[in-house]
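J.: The structure follows.
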Amino acid sequence: MKIPPVKGTRDLYPERFAPIRRIFDAWRSASIRHGFEEFEGPTLEMLDLYREKSGDELVGQLYRLTDSGGRELALRPEMTPTLARMVAARINALSRPIKWFCMPKLFRGENVQRGRLREFFQWNVDVIGTADMVADAECILVGVEALRDLGLTEKDFRVHISNRRLIASLLTGAGIAETDHAGAYALMDKVAMVEGDVICKQWNRRFGKQIDFADLYDLLSVADLDTLRGTLAGGDSDIRPSANLDAAIAETEQLFTVLRHFGIIEYCELDLEIIRGLAYYTGPVFEFHDRSNANRAICGGGRYDDLLGKLGKSPEPAVGFGMGDVVLSLMLEERGLLDAPQTRNAVFVADAVDGLRPKLLGVVAALRRAGYQTEFNYVRQGLSKQLKTADRKGCVYAVILGDETLGRGVVQIKDMTGGQHREAAMDALIESPREVLEARP
Ligand code: HAM
């Protein structure tokens, strides 16, 4: 009986995994350059962690199981609750700001479609312990830099920035009670995905008395904060002013100022229509979008100042994002940027005649110890076949052992890129492979 793989999962054969590894390298390198430390957590968590922390949509997508002790568990659908749990457990011992990153595999029982799977990798970058907008801007910066490292430019993607606090102040200012905000966000989060009309009707049925859907979206579509201020002050809107609203606008302005100082303002734009589905966001929120397909989010994140307080003893401000590998791979593929990395330092060791295996294995071990990815055929074939394998594996050099040359204490080194041969002393190659291989004739 043939058993198929589970829907929404991927069999990542080496040639499919190699480009993803390139993405991992860019994520890890950008994180480390920006001062983040890598951590990992468990794949399985208690179900309650998500029931309390993630919001209804994610909870509906959980892969749940009950263990032999009757405990209700879930495969992690996101990393933020685990991060918050781990930090809360050591909150007094960790020096601030805590800057951590990880690249976990996550599981969500979603409708499978282009860019959406049930199992995927997600780079997480979070700063905990400061409410300073520099932290929010630094998260955006590290995301931009990783995408730039992968070859994407401001022509390919944009960072859309909003602020939950600002939206909350607008909703309150319109007369929508705080207890109804979660319901309002849930509707607003679907605007980009569902036919506008459907949401408009649902909104007006529920909140139309406070603010009409079209009026709200007129306000949210402003291109900058000065226009928003002007519209609110102009008396055209029914939003009541408040200190909270002013503070939220000032906070968002502050974020844009730091983004300008970091030199990435050309990647960023105000987009108050960004809401984010997850329940825990409290301040600035942002999404990176593919410019050629505005509905497609490469990444999403924001400030979640209340989550740690709910898990631990004291509140702790936090901000971060998650970037999945699936949409990013599609984007890179569409732009011809997804090629596997060229193996730069691979070497093939070949034997031209039978009987030289002991010597060949010694050379292989010495080259590997010196850091070269070193290939050889387990079963000896003719020299031309071995050189073909070397070529297919992208080797830069072939070291060829022959009866006559070894008799003179030398080996042949073939430059696989240019085709030239040279000779080098066998002892020198074993002693200092790098000097011999990299020596220019
Ligand atoms: P999220 O918006 O649920 O946020 O996911 C962030 C990113 O993960 C998405 O933009 C997308 O690239 C990727 N992603 C999500 N679901 C899928 C899926 N089914 N298939 C493929 N890729 C997917 C969070 O997860 C937050 N915990 C991020 C965060 C970290 N906020 C603060 N810190």
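The values are calculated or read from the model by the stated rules, or taken from the named source; none is laboratory data. The shown structure was predicted, so the numbers you read here are calculated from the model rather than taken from an experiment. No Cβ is skipped: glycine too gets one built from the backbone with ideal geometry, and neighbour counts run over all protein chains shown.
J.: If you scan segment 90-121, which residues turn out to be closer than 15 Å to residue 60 by Cα and free of Cβ contacts under 8 Å to residues at least 12 places away in the same chain?
T.: Hit for segment 90-121 is 111, nothing else.
J.: Further question on the same structure: Suppose the filter is more than 16 Å from the ligand (Cβ to nearest atom) and either of a type in the set (Asp, Glu) or assigned to a helix (DSSP H, G or I) (or both); does residue 354 pass it? Working first, answer last.
T.: On the way: more than 16 Å from the ligand (Cβ to nearest atom): yes; either of a type in the set (Asp, Glu) or assigned to a helix (DSSP H, G or I) (or both): yes.
Considered against the rule, which asks whether it is more than 16 Å from the ligand (Cβ to nearest atom) and either of a type in the set (Asp, Glu) or assigned to a helix (DSSP H, G or I) (or both), residue 354 comes out as yes.
Condition check ((1) within 16 Å of the ligand (Cβ to nearest atom); (2) buried (at least 20 other Cβ atoms within 10 Å of the Cβ)) across all residues:
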residue: 246; (1), (2): no, no
residue: 254; (1), (2): no, no
residue: 257; (1), (2): no, no
residue: 268; (1), (2): no, yes
residue: 274; (1), (2): yes, yes
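J.: Could you run through segment 98-141 and say how many residues are in contact with a Leu (Cβ under 6 Å, 6 or more places away or on another chain) and more than 8 Å from the ligand (Cβ to nearest atom)?
T.: The qualifying residues number 4.
J.: Looking only at residues that are within 11 Å of the ligand (Cβ to nearest atom) and either surrounded by fewer than 20 Cβ atoms within 10 Å (Cβ to Cβ) or outside any strand (DSSP E or B) (or both) in segment 298-321, which one is modelled with the highest pLDDT?
T.: Within segment 298-321, the first condition is being within 11 Å of the ligand (Cβ to nearest atom), and the residues that meet it are 298-304, 307, 318-321.
Imposing the further condition that a residue be either surrounded by fewer than 20 Cβ atoms within 10 Å (Cβ to Cβ) or outside any strand (DSSP E or B) (or both) reduces the set to 304, 307.
On the way: 304: 96, 307: 90.
Within segment 298-321, the match that is modelled with the highest pLDDT is 304.
J.: Give the residue, chosen from 390, 366, that is within 22 Å of residue 18 (Cβ to Cβ), among the small types (Gly, Ala, Ser) and assigned to a helix (DSSP H, G or I). So that I can check it myself, show each step before the final result.
T.: Working: 366 fails: within 22 Å of residue 18 (Cβ to Cβ).
Step by step, each of 390, 366 is checked, and only 390 is within 22 Å of residue 18 (Cβ to Cβ), among the small types (Gly, Ala, Ser) and assigned to a helix (DSSP H, G or I).
J.: Would you be able to say whether some residue in segment 110-121 is among the polar types (S, T, N, Q), assigned to a loop (DSSP other than H, G, I, E, B) and surrounded by 12 or more Cβ atoms within 10 Å (Cβ to Cβ)? Give the derivation first.
T.: Restricting attention to segment 110-121, the residues satisfying the condition of being among the polar types (S, T, N, Q) are 111, 113.
In the following step, the residues that additionally are assigned to a loop (DSSP other than H, G, I, E, B) were identified as 111.
Subset that is surrounded by 12 or more Cβ atoms within 10 Å (Cβ to Cβ): none.
No, there is no match, as no residue in segment 110-121 is among the polar types (S, T, N, Q), assigned to a loop (DSSP other than H, G, I, E, B) and surrounded by 12 or more Cβ atoms within 10 Å (Cβ to Cβ).
J.: Further, regarding this structure: So the check is Cβ under 9 Å with 6+ separation or different chains; which pairs have a first residue in segment 324-339 that's within 17 Å of residue 117 (Cα to Cα) and a second one that's among the polar types (S, T, N, Q) and within 7 Å of the ligand (Cβ to nearest atom)?
T.: 324/122; 325/122
J.: Does any residue in segment 229-253 that is farther than 20 Å from residue 213 by Cβ come within less than 6 Å, Cβ to Cβ, of a residue that is of a type in the set (Lys, Arg) and surrounded by 13 or more Cβ atoms within 10 Å (Cβ to Cβ) six or more places away or on a different chain, and which pairs are these?
T.: 248/165
J.: Within the group 66, 80, which residue is loosely packed, with under 12 Cβ neighbours inside 10 Å and hydroxyl-bearing (Ser, Thr, Tyr)? Before you say what the answer is, go through the steps one by one.
T.: Working: 80 fails: loosely packed, with under 12 Cβ neighbours inside 10 Å.
From the options 66, 80, the qualifying one is 66.
J.: Given (1) in contact (Cβ under 8 Å) with a residue 24 or more places away in the chain; (2) away from the ligand (no atom under 13 Å from the Cβ); (3) more than 30 Å from residue 149 (Cβ to Cβ), where does residue 57 come up short, assuming only one miss?
T.: Going through (1) in contact (Cβ under 8 Å) with a residue 24 or more places away in the chain; (2) away from the ligand (no atom under 13 Å from the Cβ); (3) more than 30 Å from residue 149 (Cβ to Cβ) one by one, residue 57 breaks only (2).
J.: Of the residues 242, 329, which is surrounded by fewer than 19 Cβ atoms within 10 Å (Cβ to Cβ) and among the hydroxyl-bearing types (Ser, Thr, Tyr)?
T.: It is 242.
J.: Applying the selection to segment 60-73, what residues are of a type in the set (A, V, I, L, M) and within 14 Å of the ligand (Cβ to nearest atom)?
T.: Listed by number, the list holds a single entry, 62.
Yes or no, residue by residue, for (1) crowded, with 20+ Cβ neighbours inside 10 Å; (2) modelled with pLDDT under 95; (3) hydrophobic (A, V, I, L, M, F, W, C):
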| position | (1), (2), (3) |
| --- | --- |
| 88 | no, yes, yes |
| 92 | no, yes, no |
| 106 | no, no, yes |
| 123 | yes, no, yes |
| 132 | no, no, no |
| 135 | yes, no, yes |
| 159 | yes, no, yes |
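J.: When segment 40-54 is examined, which residues are found to be within 13 Å of the ligand (Cβ to nearest atom) and in contact with a Cys (Cβ under 9 Å, 6 or more places away or on another chain)?
T.: Residue satisfying the conditions is 41 alone.
J.: Can you find even one residue in segment 334-351 that is modelled with pLDDT of 95 or more, surrounded by fewer than 16 Cβ atoms within 10 Å (Cβ to Cβ), more than 16 Å from the ligand (Cβ to nearest atom) and of a type in the set (Phe, Trp, Tyr)? Write out each step before concluding.
T.: Taking segment 334-351 and keeping what is modelled with pLDDT of 95 or more, we get 347-351.
From what's left, surrounded by fewer than 16 Cβ atoms within 10 Å (Cβ to Cβ): none.
Within segment 334-351 (the criterion being modelled with pLDDT of 95 or more, surrounded by fewer than 16 Cβ atoms within 10 Å (Cβ to Cβ), more than 16 Å from the ligand (Cβ to nearest atom) and of a type in the set (Phe, Trp, Tyr)), the answer is no, since none of the residues qualifies.
J.: Can you tell me how many residues within segment 199-231 are more than 23 Å from residue 247 (Cβ to Cβ) and in a loop (DSSP other than H, G, I, E, B)?
T.: So the count comes out to 3.
J.: With respect to residue 187, determine if the residue is farther than 18 Å from residue 279 by Cβ and under 30 Å from the mean Cα position of the chain (by Cα). Walk me through it before giving the result.
T.: On the way: farther than 18 Å from residue 279 by Cβ: no; under 30 Å from the mean Cα position of the chain (by Cα): yes.
Considered against the rule, which asks whether it is farther than 18 Å from residue 279 by Cβ and under 30 Å from the mean Cα position of the chain (by Cα), residue 187 comes out as no.
J.: Looking at segment 137-170, which of its residues are part of a helix (DSSP H, G or I) and either touching a Cys at 6+ places or on another chain (Cβ under 8 Å) or charged (D, E, K, R) (or both)?
T.: So the first thing to find is which residues in segment 137-170 are part of a helix (DSSP H, G or I), and the list is 137-149, 164-170.
Those that are part of a helix (DSSP H, G or I) and either touching a Cys at 6+ places or on another chain (Cβ under 8 Å) or charged (D, E, K, R) (or both): 138, 140, 143, 145, 148, 149, 164, 165.
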